[in-house]
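Just below is one structure, and these are the notes that go with it.
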């Protein structure tokens, strides 16, 4: 059972436009969500996170929106740049005290065309 | 941001031998470290969770006798692939979480090729 879903495997946008990456989750116990960016043969790089007590978190060009009732979050990148081309992973965790594990989606490949 | 370093980045070993991968948190103390494995075009698969000074907790289906994890200090965890076989060839990634905060930072990953 896939608890974190990124249903679109890829997205292609023009430079300067907005990129919207979606993520759905099924486990209502998840209370912390993160987005990671990954280039081939490298480890994921943390981008932005959001706690379930918020519905929006913004950091520069990156904004994450959380809709708890729909169990849905999205990452907005605006304006998109060619350097943003990478695979983006959505991840979620449930605070149980101690070692919270991240559950990852399958990732979505973003291509930003010049 | 926090830095997690993995070594080696690339390793080739002969079938039947063992190989060790190190994961270090460079500017923070990592009470918990995680080891992942990624197959091509697939998501990260959590292998095990290690807490400093205690035994690692392995995910279902991961052989603990084959993938030995040691977390002897707050800045170092090691993954040893014992008696490696070609099917163990993969991209292994560690991550670490500090004493405070929920964010988990990842190492650069280690490519293991077993020939």
Residue within region B:5-19 that is closer than 24 Å to residue A:2 by Cα, within 14 Å of chain A (Cβ to nearest Cβ) and either at pLDDT 95 or above or not in a strand (DSSP E or B) (or both) present: no
Tally of residues being within 11 Å of chain A (Cβ to nearest Cβ) and in contact with a strand residue (DSSP E or B) (Cβ under 7 Å, 6 or more places away or on another chain) across region B:53-63: 3
Evaluation of residue B:49 against (1) free of Cβ contacts under 8 Å to residues at least 24 places away in the same chain; (2) surrounded by 15 or more Cβ atoms within 10 Å (Cβ to Cβ); (3) more than 10 Å from chain A (Cβ to nearest Cβ); (4) assigned to a strand (DSSP E or B) (one fails), failing number: (3)
Answer residue from region B:64-73, given it is under 14 Å from the mean Cα position of the chain (by Cα) and away from chain A (no Cβ under 12 Å) and is modelled with the lowest pLDDT among those: B:72
Verdict on residue B:23 being surrounded by 16 or more Cβ atoms within 10 Å (Cβ to Cβ), more than 14 Å from chain A (Cβ to nearest Cβ) and touching a strand residue (DSSP E or B) at 6+ places or on another chain (Cβ under 8 Å): no
Condition met for residue B:106 (modelled with pLDDT of 90 or more and within 12 Å of another protein chain (Cβ to nearest Cβ)): no
Residue that is nearest to the other protein chains (Cβ to nearest Cβ) [pool: residues in region B:74-103 that are part of a loop (DSSP other than H, G, I, E, B) and free of Cβ contacts under 8 Å to residues at least 40 places away in the same chain]: B:102
Of residues in region B:26-46 being at the interface with chain A (Cβ under 10 Å from one of its Cβ atoms) and more than 14 Å from the chain's Cα centre (by Cα), the one modelled with the highest pLDDT: B:31
So residue A:11, is it more than 14 Å from every other protein chain (Cβ to nearest Cβ) and closer than 26 Å to residue B:42 by Cβ: yes
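Quick grid of which residues meet (1) at pLDDT 95 or above; (2) surrounded by 16 or more Cβ atoms within 10 Å (Cβ to Cβ):
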| residue | (1), (2) |
| --- | --- |
| A:7 | no, no |
| A:12 | yes, no |
| A:18 | yes, no |
| A:28 | no, no |
| A:40 | no, no |
| A:49 | no, yes |
| A:62 | yes, yes |
| A:65 | yes, yes |
| A:70 | yes, no |
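The values are calculated or read from the model by the stated rules, or taken from the named source; none is laboratory data. All figures in this text were calculated on a predicted structure; none of them were measured in a lab. All Cβ positions, even for glycine, are placed from backbone atoms using ideal geometry, and neighbour counts span all protein chains on display.
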